[in-house]
Amino acid sequence: MKLHFMKYRKLSYWISGICILLSVLSIIFKGFNYGIDFSGGIAMEIKPISADYTVDKMRHDLEAFKPELQSVDGGAVLLRVGLPKGSTDEQQNIRVAEIKNILGNRVEYSQIQVVGPKIGGELIRGGVLAILVSFVLMAVYIWIQYRGGYAVGSFVSLVLDLILMFGFFSIAGLEFNQTAIAVILMGVGYSINDKVVNYDRIDENIKKYHKMPMDDLIDLSVNEMLYRTVMTSVSTILAMVGIYIFGGQMLQEFAIAMTFSIVMGTLTSIYISNVILYHFNLRETEY
Amino acid sequence: MFKKLAIIFVALFGMLLAVPTLVPSLAPHFPSWIKPIPLGLDLKGGAQLLLEVDTDVMLKEKSAQLYDEVRSAMIDRDKGVIRFSDLRNTGNGVGLIIKDANDVSKAKGRLKKILGNNVDVSSSGRNLSVSYTNKAREEMITDAMSRSIEIVRRRIDALGTKEPSIQSQGGKYILVQLPGVSEPEHIKNLIGQTAKLSFHLVNENITPEQLASNHAPSGTVFLSDMDNPDRKLAVYSRIEVSGDSLKNSEASFDQNNMPVVTTEFDASGTRRFAKLTTEHVNERFAIVLDDKILSAPTIREPIPGGRGQISGGFTLQTAKDLAVLLRSGALPAPLSVIEERTVGAGLGADTIATGKIGSVVGVIFILVFMLMLYGIFGLIADVVLIVNLLMIVGVSALFGATLTLPGIAGIVLTLGMAVDANILPFERIRDEVRAGAPTLRAVDYGFHRSTKTVMDGELTNLICALILFQFGAGPIRGFAVTLSIGVMTTLFTCLMLTRVFVDYYMNGKSKKIGFIRNK
């Protein structure tokens, strides 16, 4: 079985372009569902009056607010509710009232705090800067180990990965918090590994088949590596499926986002980073 | 043979490091540097502090500065002295009365010119009032907040606390989360100090009676001793050199082996300190920290090099603390801890339990998958994977990296990716056997050829991790540490340990390898 990726490369470019456009539009118009880490929110310390009113029941009652509940010493419960972007103080107070309404007199309110916007937005900027610098350095490494064309190819597809991952967080409305940054970084790590492994085979085949046309050679290499590429991502996704099914609410979003970034990293490896090499003259005299 | 033994030894050692984490009851039997991995606030709990930034004090100080600025603007000889009286601090600025009504507009113009857009100058008759604009005030407060957060972050970082989270809350509060810290007393002391350091000359012309009466003449203040509040000293309020000019400070010992804090000034501080010590030989100067006198030594000789030494009856710990405080800079406004909570079982036992189960199931999925794909080789890969897992935990513990719930999921993910470093050589072997090579040679070639591929893939990953460590903060740094450790252990286990087991299985013969079926 041999699949012809090169034949459909224009289609790959178009699909990528559309995905980029959708991501950018969503980021601009819909924005991110910032978690309490970044957007602030409401934090309450409550204490159930009866032990029957468990954290699970509270979580169920307050489902609409997507609360984060955590048990604290002495049977108290910390309740955290994020706020939609651009909430005013007044809206925050209304939400506090609504939550109090639902919980009613089943709990005691030890403390109510309204969390202002976090300076930690700098964390996002620092993270994004770090990602971009690491892109450049990884590209330099690939340049030294292989050739310039590979470096450009990997850089371009990593930027694509990054845009699509941010886009996914925006479109799917997943909570954008510090874990999200970590997920994106792990996605980048997965993706770069995938790309290098494929490039390694292309480079090997270029040395092996001097006469083969470039498009055939890329097709051959991608096909040779396809089993490995797919099996590696299946194994990683299986791990995430385990976490998704059994890991509970806290880790579910992590598993979803991670699965997306693995699938996407695999697809961009196959359809973009390899195929794009066609445009660079990799057979030119050695540097 | 020696190499193989070394590999197995390293693997066993790495796994040994993980034992205190996995079986906490055995931890006491291990030497102190093999510790269980510290758990994050979400898994284990920790301390949470809410700090209030006293911006009123800062605004008062700014107002006092304004007083000085207005005063010197009025008595500027070059532009002509404007006579005034009754200069005073009002609630939100400075008020004064101009002696000559004809001078009022001249005074207003001069103040506006010198003080810029940050202040409002208004007059009624000969009364002039100068105050900061609301915008300037807000900017000062915002600025003080972000600087306070930065300084608190530096102080906490200097203590080596893992993954602290420091965020502003509700305009004038700072929330500090310290995972794994159950006794925040020391940290509270350290972040609660303003740490404003200044050097003043001692006013020796004060009689004991004046000192006792507590009425300091203008330009002089009575400050009490750090250790003994009853002992007071009169110093000139003029700051000769301030802590802002410090470049570095370290805890050290003096010639009598007493703990001291050594300080190093920047260029301008060096000049001012040299000038002070040259012009005032044989006089005393006071080293003042937060309005308390640390010590008041006599200047024996000019000190031109910009290096100084502060002694003041320190213990080694207090000397270290002061060095940290001076290094991280003074707070723009006093901080007080208004709420302190020690977080118990983080996300609730239920969530931790499901998180653990999910991660275990995730790993089991990988193990079963590899077994299905590669049979006996899959089993080898599985054993190696478990060794890898234990080594990640062990080495993370060694480096003191904090484990959080997302961190556990991250390790599972690292393992999922580590499988790649086994799939690559296995697939190579398959290709070679299909091309007609005897299995023993195929194994050798397969591992040999994939080494570079695996290395390149993992090393680019490592570059990513190192940059993140350099640029990132808090949780991102912790993640970078785990990622780097994962890269190292994956390279070790998949490139070396797998080979040891496969060689053992092959036993030097070209035998049939289960997962390779001919086409």
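The values are calculated or read from the model by the stated rules, or taken from the named source; none is laboratory data. Predicted, not measured: the structure shown is a model, and the values here were computed from it. Virtual Cβ from ideal backbone geometry, glycine too; neighbours counted across all protein chains shown.
If we scan the stretch A:201-211, do we find a residue that is under 13 Å from the mean Cα position of the chain (by Cα) and in a helix (DSSP H, G or I)?
Looking through the stretch A:201-211, none of the residues is under 13 Å from the mean Cα position of the chain (by Cα) and in a helix (DSSP H, G or I).
Residue-by-condition table, conditions (1) at pLDDT 80 or above; (2) over 30 Å from B:V23 (Cα atoms):
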position: B:L413; (1), (2): no, no
position: B:A421; (1), (2): yes, no
position: B:G446; (1), (2): yes, yes
position: B:N461; (1), (2): yes, yes
position: B:G474; (1), (2): no, no
position: B:G478; (1), (2): no, no
position: B:I485; (1), (2): yes, no
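Can you work out which of the residues in the stretch A:221-233 that are among the hydrophobic types (A, V, I, L, M, F, W, C) and more than 7 Å from chain B (Cβ to nearest Cβ) is surrounded by the fewest Cβ atoms within 10 Å (Cβ to Cβ)?
Per the criteria, the residue is A:V230.
I'm checking my understanding of the structure. Among residues of the stretch A:141-159 that are assigned to a helix (DSSP H, G or I) and within 11 Å of chain B (Cβ to nearest Cβ), which one is nearest to A:I206 (Cα to Cα)?
A:Y150
Looking only at the stretch B:481-499, count every residue that is buried (at least 24 other Cβ atoms within 10 Å of the Cβ) and either without any contact (Cβ under 8 Å) to a residue 40 or more places away in the chain or under 21 Å from the mean Cα position of the chain (by Cα) (or both) and tell me the total.
Of the residues in that region, 3 qualify.
Answer yes or no: is there a residue in the stretch B:360-379 that is among the β-branched types (V, I, T), in contact (Cβ under 8 Å) with a residue 40 or more places away in the chain and either closer than 27 Å to B:F30 by Cα or not assigned by TED's automatic domain parsing to the domain that holds B:L12 (or both).
no
Tell me, which strands (runs of 3 or more DSSP E) wholly within the stretch B:253-321 include 2 or more residues that are in contact (Cβ under 8 Å) with a residue 60 or more places away in the chain, of a type in the set (G, A, S) and out of contact with any strand residue (DSSP E or B) (no Cβ under 9 Å at 6 or more places or on another chain)?
No strands (runs of 3 or more DSSP E) qualify here.
Scan the stretch B:346-375 for residues that are surrounded by fewer than 16 Cβ atoms within 10 Å (Cβ to Cβ) and at pLDDT below 85 and jot them down.
Listed by number, the residues that qualify are B:A349, B:A353.
Could you tell me which residue of the stretch B:139-152 is nearest to B:D120 (Cα to Cα), considering only residues that are without any contact (Cβ under 8 Å) to a residue 40 or more places away in the chain and within 14 Å of chain A (Cβ to nearest Cβ)?
Per the criteria, the residue is B:T142.
Output the number of the condition that A:M212 fails; it satisfies all remaining conditions of (1) surrounded by 23 or more Cβ atoms within 10 Å (Cβ to Cβ); (2) at pLDDT 85 or above; (3) over 27 Å from A:L25 (Cβ atoms).
Every listed condition holds for A:M212 apart from (1).
Please enumerate the residues belonging to the stretch A:160-211 that are within 20 Å of B:A465 (Cβ to Cβ) and away from chain B (no Cβ under 13 Å).
A:M165
With the requirement that a residue be closer than 18 Å to A:D56 by Cα and among the polar types (S, T, N, Q), what does the stretch A:239-266 give you?
A:Q249, A:Q252
Check B:L178, B:L96 and return the single one that is crowded, with 20+ Cβ neighbours inside 10 Å and over 30 Å from B:A195 (Cα atoms).
From the options B:L178, B:L96, the qualifying one is B:L96.
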